[in-house]
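Asker: Have a look at this one before I ask anything.
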Amino acid sequence: MRTTVTLDSDTEQIVRQRMTERRVSFKQALNDLVREGRGFADGLHQFRTTTRPMGLAKVDLDKALRLAGELEDGEVVRKLETGS
């Protein structure tokens, strides 16, 4: 498909740098960069995060959640009684 594209100067520099590095045409450099941006250059690029051990919880989370709920309920009751 033939189309006209207006590039910002910094984007044009990226395309021209790719042309120089890989010794390809403007068209090829632009197509390669668009494909890489979409993750199709070498197949899909998977995003990975590394996991880290967080250690054991030092607090019983069930009790902590119950306490937080009770405190929240108490605050709701207080607001209803005082009208604030």
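Asker: So for segment 54-63 (the condition being modelled with pLDDT of 85 or more and open to solvent by less than 70 Å² (accessible area, probe 1.4 Å)), does at least one residue qualify?
Answerer: No: zero hits.
Asker: State which residue is nearest to Arg2 (Cα to Cα) when the search covers only segment 15-47 and only residues that are assigned to a loop (DSSP other than H, G, I, E, B) and at pLDDT 80 or above.
Answerer: Once the filter is applied, the top-ranked residue is Ser25.
The values are calculated or read from the model by the stated rules, or taken from the named source; none is laboratory data. Note that the structure is predicted; figures quoted are calculated from it, not measured. Calculation scope for accessible area: heavy atoms of the full protein, side chains included, ligands and nucleic acids excluded. Shrake-Rupley method; radii C 1.70, N 1.55, O 1.52, S 1.80 Å.
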